[in-house]
Amino acid sequence: MKFGVVIFPGSNCDMDTVYVLRDILDQEVAELWHKETDLQDVDVVVLPGGFSYGDYLRSGAIARYSPIMNEVIRFAKRGGYVLGICNGFQILCEAGLLPGALLPNTNQKFICKNVYIIPDNNKTPLTAGLDKERPLKIPIAHGEGRYYAPKDVIAEIRQNDQILFRYCGKDGVISEKYNPNGSMDNIAGVCNETKNVFGMMPHPERASDDLLGNTDGRLIFESLINSLMEKRFSVYN
């Protein structure tokens, strides 16, 4: 499996993501500078976290117009797989590849801490290999992570199984008191209707190394890799 990690000016989780994919999960990785227009035949594009273009205007608003994003949009619309983490999620929403928007946290502060999230379904490659009853401890680090969409859109994405993760307690209970940023319906991640574009605010790459004492995030990457490998195997057989 070949991953392409896009690097924008201000990305700061790019090398963490490359390290996890290449050194821990043994995947081929191409580092894609934002001015490039060649995705180098990757199977999955990853937009990492950080502060692309200093988050001027609003998070992800400028990065959405980087030259490489035209190719990412075309790639996604052809069915290619794209994962946006934190700032990458914001960029995907700005680009119209995912529904909704990420607004400033309700407390108007930058939040950096571990939270618990729970898969909302097993019907996407990112969540197919996860236990719906097992909460995952994953760090967040954002100032604009409050997921918002009109009520009719929320109803639609719920019906279409587009909600990937929801914030919860250590025991898996979904409650407003475990919502760190005010996201509607405790939403921590969503996908598009065709389930090939994924966005999430928590950082799985920061919870994937044994040395950190938490590898819950690795399960998310492994779910994606295994799902796509199974799909590829079924195509060739």
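You will find that of Val173, Val190, the residue that is within 26 Å of Ala101 (Cβ to Cβ) and modelled with pLDDT of 95 or more is Val190 and no other.
Quick one: is Phe75 touching a Leu at 6+ places or on another chain (Cβ under 9 Å), under 15 Å from Asn192 (Cα atoms), of a type outside the set (Ser, Thr, Tyr) and in contact (Cβ under 8 Å) with a residue 40 or more places away in the chain? No: the conditions fail for Phe75. The number of residues in the stretch 106-123 that are part of a loop (DSSP other than H, G, I, E, B) and either of a type outside the set (D, E, K, R) or closer than 19 Å to Gly169 by Cβ (or both) comes to 7. The selection criterion, being modelled with pLDDT of 95 or more and either closer than 12 Å to Met201 by Cβ or in contact with a His (Cβ under 9 Å, 6 or more places away or on another chain) (or both), does not hold for Gly79. Consider the stretch 167-194 and keep the residues that are under 16 Å from the mean Cα position of the chain (by Cα) and surrounded by fewer than 21 Cβ atoms within 10 Å (Cβ to Cβ). The one that is farthest from Ser227 (Cα to Cα) is Glu193.
Which ranges mark the helices (runs of 4 or more DSSP H) fully within the stretch 1-105 that have 1 or more residues being under 15 Å from the mean Cα position of the chain (by Cα), surrounded by 23 or more Cβ atoms within 10 Å (Cβ to Cβ) and among the aliphatic types (A, V, I, L, M)? Give the derivation first.
On the way: elements: 14-19, 67-77, 87-94.
Of the helices (runs of 4 or more DSSP H) lying wholly inside the stretch 1-105, those with at least 1 residues that are under 15 Å from the mean Cα position of the chain (by Cα), surrounded by 23 or more Cβ atoms within 10 Å (Cβ to Cβ) and among the aliphatic types (A, V, I, L, M) span 67-77, 87-94.
The residues listed here are Val153, Val82, Val115; of these, the one that is out of contact with any helix residue (DSSP H, G or I) (no Cβ under 8 Å at 6 or more places or on another chain) and β-branched (Val, Ile, Thr) is Val153.
When Leu164, Leu126, Leu219, Leu211 are checked against the criterion of being crowded, with 21+ Cβ neighbours inside 10 Å, of a type outside the set (Lys, Arg) and outside any strand (DSSP E or B), a single residue qualifies: Leu126.
The values are calculated or read from the model by the stated rules, or taken from the named source; none is laboratory data. Computed from a predicted model, the values in this text were never measured in an experiment. Don't worry about glycine lacking a Cβ; one is built from the backbone with ideal geometry, like all the others, and counts go over all protein chains shown.
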